[in-house]
Amino acid sequence: MVALVLTWIGAVVGITLVLLMALGLVIVELDGWLAQRRRDRRREEATAKLARKKAAATATACPVFH
């Protein structure tokens, strides 16, 4: 009974390792893609924030009276 359990555990661990090795490049590629999306999103947010700051500074520095 113990041998059967150990055999099943070995099979599961072995299959898991084989799948990780086979899908390793895909996992790395997906991680890189997601990291690039995060960097792009942060860059866009920083650019938008800077534009809002500049617009607010311009609006307060040069008030328009009607």
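Among the candidates THR16, THR58, THR47, THR7, which residue alone is out of contact with any Lys or Arg (no Cβ under 9 Å at 6 or more places or on another chain), exposed (fewer than 10 other Cβ atoms within 10 Å of the Cβ), part of a helix (DSSP H, G or I) and not hydrophobic (A, V, I, L, M, F, W, C)? Walk me through how you get there before you give the answer.
Values: THR16 fails: exposed (fewer than 10 other Cβ atoms within 10 Å of the Cβ); THR47 fails: exposed (fewer than 10 other Cβ atoms within 10 Å of the Cβ); THR7 fails: exposed (fewer than 10 other Cβ atoms within 10 Å of the Cβ).
Matching residue, one of THR16, THR58, THR47, THR7: THR58.
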- Query: In region 1-25, what residues are within 24 Å of the chain's Cα centre (by Cα) and of a type in the set (Gly, Ala, Ser)?
  - Reply: ALA22, GLY24
- Looking at region 26-35, is at least one residue charged (D, E, K, R), part of a helix (DSSP H, G or I) and more than 15 Å from the chain's Cα centre (by Cα)? no
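Computed from the coordinates by the stated procedures, all read-outs in this text should not be read as laboratory data. Treat the numbers as computed from the prediction; the structure is a model and nothing was measured. In this analysis, Cβ positions are derived from the backbone assuming ideal geometry, glycine residues included, and neighbour counts consider all displayed protein chains.
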